[in-house]
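**Student:** Starting off with a structure, shown below.
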């Protein structure tokens, strides 16, 4: 019988003072671990370095990563145990996503992408208008001279 898989968001915070290759190695390690243990990875969101709200183990900066996965609950329990034993992971959080929450999140991402695309298009249009106006002013100056 196949194990029931559920959607999870897994957030981890790594030491922000670590070098980029070290962080990439850790991400690759957990990515391969998840794949090896029957989890389907939908998204790996490398959120990046952020200042922590408070020091954790005397660390002020963290590197945030979000794994969006489809996996059995047993695998998640093993993964959380691995996080606890890994000195590089200073915090972790696993969130079970219902199908409705997943749909809402995807809808929000699509709306946000549409808004960003519109803002970028408006900015390009304003830039083109400003450029054409400056060319007209230059041409006017040349003809008057």
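**Student:** By average Cβ neighbour count within 10 Å, what is the ranking of 110-121, 10-21, 89-100 from highest down?
**Tutor:** Values: 110-121: 10.0, 10-21: 16.3, 89-100: 13.7.
Put in order of decreasing packing, that is 10-21, 89-100, 110-121.
**Student:** Right, another one. If you take the square roots of the eigenvalues of the alpha-carbon gyration tensor of the range 13-96 and sort them as a ≥ b ≥ c, do you get rounded (a/c under 1.5), prolate (a/b over b/c) or oblate?
**Tutor:** Values: a/c = 1.92, a/b = 1.68, b/c = 1.14.
Prolate, because a/c is 1.5 or more and a/b exceeds b/c.
**Student:** Considering the values (1) 17.5, 63; (2) 23.3, 86; (3) 15.1, 46, which represents Rg and Dmax of the Cα atoms in Å as calculated for the structure under consideration?
**Tutor:** (2)
**Student:** With a cut-off of 19 Å, note down the residues of the range 1-24 whose backbone N falls inside the zone around a label point 7 Å from the Cα of residue 86 toward its beta carbon.
**Tutor:** What the label zone holds, given the 19 Å backbone N cut-off, is 8-24.
**Student:** Related question: Could I have the simple spin-label model distance between residue 51 and residue 66, label points 7 Å from Cα toward Cβ, reported in nm to one decimal?
**Tutor:** Using points 7 Å along Cα→Cβ, the separation is 2.2 nm.
**Student:** Given the rule -39500 (n - 2.57) for each run of at least 4 DSSP H residues, summed and divided by the residues of the chain, what is its mean residue ellipticity at 222 nm, to the nearest 500 deg cm²/dmol?
**Tutor:** Details: 3 runs with 76 residues, N = 145.
Helices in the chain give a 222 nm mean residue ellipticity of -18500 deg cm²/dmol.
**Student:** If you fit an axis through the alpha-carbon atoms of helix 99-144 and take the longest principal axis of the Cα set of the chain, what angle between them do you get, 0 to 90°, nearest 10?
**Tutor:** 20
**Student:** Moving on. Rounded, prolate or oblate, given the Cα gyration tensor of the range 59-131, with a/c below 1.5 counting as rounded? Don't skip to the answer; put the middle values down first.
**Tutor:** Working: a/c = 5.21, a/b = 1.96, b/c = 2.66.
Taking the square roots of the gyration eigenvalues as a ≥ b ≥ c, the range 59-131 is oblate.
**Student:** Cα axis of helix 73-85 to longest principal axis of the chain: angle in degrees, 0 to 90, nearest 10?
**Tutor:** 80
**Student:** Right, another one. What is the angle, in °, between the Cα long axis of helix 20-36 and the longest principal axis of the Cα atoms in the chain? Nearest 10 is fine, range 0 to 90.
**Tutor:** With both axes taken from Cα atoms, the answer is about 50 degrees.
**Student:** What is the range 20-108's relative contact order, in percent, from Cα pairs under 8 angstrom and six or more apart in sequence?
**Tutor:** Numbers: 63 pairs, mean separation 19.9, N = 89.
Once normalised by length, the contact order is 22 percent.
Read the figures in this text as sums done on the coordinates, not as results from a lab. Model, not experiment: these values are computed from the prediction. Glycine gets a Cβ as well: all are built from the backbone with ideal geometry, and neighbour counts include every protein chain shown.
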